[in-house]
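Undergrad: There's a structure below that I have some questions on.
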């Protein structure tokens, strides 16, 4: 009988060992994936006014389109509509050229005489090694009348600034605002 008792006891211990965790150790936790820290994005500063001029941050990857959007707002009135362009995001040279009004019968920034109804802006980067982009602006005057401009926008240490305007699809040197007699682009 003693043998039988020992056998039952041994069987009970073996069965108990199968269903109960081992004693003497702590169960290890189930491993969980640690989320990778998300990169902290540096917020892009909004355009600001510095020394009376609108400045678009050089950190903005869409700086050329932002500059073009400021120069040609959706409202139909261009930046500098009061006849001086010193407050616009332009290089000093372009501001002086526009202030001289090389297109006497037309507003020199849009090369137009009437107010446009809407505008679209796209941009393409300048060739490798040239910091900046070309902003392509289409001003719609209604009834199928448009003006298409290419705005050369440079990315400098101080921000993004427009440096020239020319007519889309035409010789950029011949249609540059710096040409002796810049033509209308419409």
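Read-outs: derived from the displayed coordinates by stated rules, not from any lab. These numbers were taken from a predicted model, which means no experiment stands behind them. Cβ: placed from backbone, ideal geometry, glycine included. Neighbour counts: every protein chain shown.
Undergrad: Where a ≥ b ≥ c are the square roots of the eigenvalues of the C-alpha gyration tensor, would you call region 108-186 rounded, which needs a/c under 1.5, or, failing that, prolate if a/b is larger than b/c, or oblate?
TA: prolate
Undergrad: Report the extension gain between residue 59 and residue 181 in nm, rounded to one decimal, defined as 0.36 nm multiplied by the number of residues separating them, less their alpha carbon distance.
TA: Length gained, residue 59 through residue 181: 40.4 nm.
Undergrad: While we're here: Sorted by average packing, counted as other Cβ atoms within 10 angstrom per residue and highest first, what order do 157-169, 89-101 take?
TA: Output ranking for 157-169, 89-101: 157-169, 89-101.
Undergrad: Give the Cα extents of region 48-175 along the principal axes, in whole Å, largest first.
TA: That gives 40, 30, 27 Å along the principal axes, largest extent first.
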